[in-house]
Amino acid sequence: MKNYLDELNEPQRLAAETTEGPLMVIAGAGSGKTRVLTYRIAHLIEKGVDPFNILSLTFTNKAAREMKERISAVIGASEAKSLWMGTFHSIFARILRVEATKLGYPSDFTIYDSQDAQSVMRKVIDELQLDKDIYKAKQVLHRISQFKNNLITVRAYQNTPELMEADAAAMKPRMGDIYRAYVDRCFKSGAMDFDDLLLRTNEVLTRFPEVLAKYQERFKYILVDEYQDTNHSQYLIVKALASRYENLCVVGDDAQSIYAFRGANIRNILSFQKDYADAKVIPLEQNYRSTKTIVGAANQVIAQNRDQLEKNVWTANEDGETIPVYRALSDADEARYVASQIFELQMTQHLKNDQIAILYRTNAQSRAIEEALRKRSLPYRVFGGTSFYQRKEIKDLVAYLRLLINQNDEEALLRVINYPVRGIGQTTINKLMIAADELQITVFQVLENIRQYAAKLGINAGTVNKLDEFMTMMKSFQVMLKSHDVYEVSMHVAKTTKLIGMLKEDDTPEGISRLENIQELLNSIQGYVEEQKQLDEGDPSLSGFLENVALSTDADNEDDDKNKISLMTVHLAKGLEFPAVFIVGLEENLFPSMMNLNTRQELEEERRLFYVALTRAEKFAHLTYSVSRFRWGKITDSEPSRFLEEIDDKYLDWKNLNVGLPINNSGLNTNLFDDYNDIPKFERKEKPAKNTETSSFIPKAKMKPVAEAKITNQANGEAVNLAADKIVVHDRFGRGKVISLEGEPGNVKATILFDNAGEKKLLLNFAKLKVIV
DNA sequence: TGGGTCGTATTTTTT
DNA sequence: ATACGACCCA
């Protein structure tokens, strides 16, 4: 082993060498936190600590894997193998496989992802005969998630009048009933949702002291990365496990806390010194990642936040280039600019694709960017979004597999019992569910004795046969699972159920891609089995694979061809770094998000998010915003983000401010040649006023008034000319009178005053209008 | 029972 | 615009 400690600076080295007792490392952005964690673990092992006794909790599977690789490189792969390193959810799922039976769960419990949870919730709301428009499944689940993350059980909820009053005030007085029904239903299905994995871990550690003692003894050294993003439930688990030896090292940066919406409690990091009186605190303030310009700009932004620990991130790196801020005319223009700048960077700086990232606030923004990159034949990869495992065809096959492992998994059963179609309709399913409820057993158990119940349930003989066939098929799979490996069984299931056959018949591009996805899933099962067989502690079982499926995200899957531009949300980019970073969509109501403008705390989280985004960049950062954007199916005007105004102009290079003004006289798409550097630069007159209310900051592109526009009259399908004062009828808004038209031929926006709906601006390309007069 | 059409929400971020 | 769920009809 090398003298790895020599590669660290003073505070880094101190953090790596302080192995005993509670330690908090406040690691500013780019300050070499992963390096410290890696060397700290290596150092522990070097000192003679058994890797078996080290628990390292990271925020993503990806971070865990990367760190494990780096540790392997320092101490050797065989030593690193027995380290427990992973996300809270995956580590504690693993522990619960052993311990959950104590709480009445099967050891092969299913993990419900958010889709499953929502489906369960919809059924619960339906069964309680509640209005689904008031009790929105997603919202209700979010509320329940809050309860669970704060260890408020159903009983605790019902003993807490404040909570019940709050829900009643929010027009949801039945929240408690829903909570109970949801929990019951998951329990009956032998399933845990994401929050349960933490909640039940807490429960088992609290109720069974011998279990707690076992893991305290095992995990003598605990490291937690991204501590600022732990929620209360995670905090309690760490506290309980560490309370015996107190060899707890937490690493985090309050300025990068971006998961409050998910229950992350920034107070966990702010009050670490209160929890552990003899805690050492080591700040890492030197940034090794970014240029002075980027660090300076980021510091200015984050300084606007009130809630933060004192710290001073600095860098000895070069000044670097000023940060271009491009004002786009539309989302398409923004995307084109980004693509052209990437091209430029590759030409002048010789950057490779994988050194470039494009970051956005919402997944929906990737679409326009993708289009522009494709046009320039730039290879890219989109992280996140609808992940592989959430695709319908994948969930279908996985549901069969889940059902093999846990027959009580009602979500899985209901998903596949009539898919592919085998003549078992909703009526039959309802009967089965009612029977299961009355008999206090699961639907699967009803099916096992269907002939016994059929008459009582009024299910006719033909349907009984179909149900029987389904059960026989499932049983045959189960038998096969005992003697064959997981890949063979999965392949057999996919064929026998006709899932594959059905997709083969579909020769649309979507159908083909679905089939490919199924193939990819089967491949990944095979890969998983082979990989696990190689490991000492490997688990090549089906339940092992399914756990992986439930807890892994898209970002965790490796791509063979790595030389691609990365597209992802800012959240996903946390912990990563790139030589060049584009942050797009810097507009009010988008970044910061419209949903987070209500309180100072919410806005500060958005600001931290921007801070995270900016500090991903090593050498080149580009910022863009657009004066208009396609959102919710229509063009929306937007203002530049307030975060841009918080950065001193000395760091920024404003671009394209004059284009698209009336003087250009050309509406949208001014730049025909993508040559942004030739656009004459106009001096900006003054720094934009804080709290802009006026549009004086940067004028919006004005649409040119037009006298008339051709549209297809929905009344008779004929082309007619639309002009001011015409009377039209719209499906949704009813009768109205055209006030004015603006834009350019082929892209005209009409202002129409509707009798009942008021004044609306409609794009004639999309609006369906009947012309009356 | 199954397939089709219609209407509505969707765009905040994730384990 | 799109995708999903609800509803209706054959």
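A cut-off under 13 angstrom between Cβ atoms defines the neighbours of A:P592, and their net charge, with Lys, Arg +1 and Asp, Glu -1, is -4. For the stretch A:570-664, chymotrypsin sites (Phe, Trp or Tyr not before Pro) are listed when DSSP marks them as loop and at most 13 other Cβ atoms sit within 10 Å of their Cβ; the list is A:W632.
Summarising the strand pairing of chain A, around 40 percent of its internal DSSP beta bridges are antiparallel.
Per-residue Karplus couplings for the stretch A:56-63, computed as 6.51 cos²θ - 1.76 cosθ + 1.60 with θ equal to phi - 60°, are listed in order as 10, 9, 10, 8, 10, 4, 4, 4 Hz, Gly and Pro entered as x. Structural descriptor for chain A: relative contact order 14 percent, calculated from alpha carbon pairs under 8 angstrom and at least 6 residues apart. Counting neighbouring Cβ atoms within 10 Å and putting the fewest first, the residues A:S233, A:S513 line up as A:S513, A:S233. Phi-derived couplings, Karplus 6.51 cos²θ - 1.76 cosθ + 1.60 at θ = phi - 60°, listed residue by residue for the stretch A:23-29: 9, 10, 10, 8, 9, x, 4 Hz, with x used for Gly and Pro. Relative to one another, the C-alpha centroids of the stretch A:522-543 and the stretch A:308-324 are positioned 45 Å apart.
Both numbers refer to the Cα atoms of the stretch A:388-551; Rg and Dmax are 16.9, 53 Å. What separates the Cα centres of the stretch A:115-181 and the stretch A:275-291 is a distance of 40 Å. If you wrap the tightest convex hull around every Cα atom of the stretch A:110-189 and split its volume per residue, you get 85 Å³. Computed over the alpha carbons of chain A, Rg followed by Dmax gives 29.1, 89 Å.
Residues whose amide H falls under 5 Å from that of A:S330, counting only those 5 or more places apart or on a different chain, are A:V627, A:S628, with hydrogens built in the peptide plane. Lysine pair count for the stretch A:110-189 (Cα-Cα distance under 13 Å; residues 8 or more apart in sequence or on different chains): 5.
Put a dot 7 Å past the Cα of A:E310, heading toward its Cβ, do the same for A:N563, and the two dots end up 5.0 nm apart. Length gained on full extension, A:T362 to A:K292, computed as 0.36 nm times the residue gap minus the Cα-Cα distance: 22.4 nm.
Of all trypsin sites (Lys or Arg not before Pro) in the stretch A:155-263, which ones are in loop regions per DSSP and have a Cβ with at most 16 other Cβ atoms within 10 Å?
In loop regions of the stretch A:155-263 (DSSP not H, G, I, E or B), the sparsely surrounded trypsin sites (Lys or Arg not before Pro) are A:R244.
For the pair A:T322 and A:S119, label points projected 7 Å from Cα toward Cβ lie 5.5 nm apart.
Rounded to the nearest 0.05, what FRET efficiency is calculated for A:I429 and A:Q300 with R0 set to 56 Å and r the Cβ-Cβ distance? Can you show the working numbers first?
On the way: r = 59 Å, r/R0 = 1.05.
It comes out at approximately 0.40.
For chain A, a crude dipole built from +1 on the beta carbon of Lys and Arg and -1 on the beta carbon of Asp and Glu, taken about the Cα centre, is about 1460 debye to the nearest 20.
The GluC sites (Glu not before Pro) of the stretch A:12-118 that meet both conditions, a loop assignment by DSSP and at most 16 other Cβ atoms within 10 Å of the site Cβ, are A:E20.
By the beta-carbon count within 10 Å of each Cβ, the least crowded to most crowded order of A:I71, A:I429, A:I45, A:I424, fewest first, is A:I429, A:I424, A:I45, A:I71.
Between A:W84 and A:I54, A:S56, the built amide H atoms are under 5 Å apart, and every one of these is 5 or more places off in sequence or on another chain. Residue-wise HN-Hα couplings along the stretch A:302-312, as the Karplus relation 6.51 cos²θ - 1.76 cosθ + 1.60 with θ = phi - 60° gives them from phi, are 5, 5, 6, 7, 8, 7, 6, 7, 5, 6, 9 Hz; Gly and Pro carry x.
All of the numbers you see were taken from the coordinates with simple rules; none came from a lab. The structure presented is a predicted model; accordingly, all values stated were derived computationally and were not measured. Because the Cβ atoms are built from the backbone with ideal geometry, glycine has one as well, and the counts that use them run over all protein chains shown.
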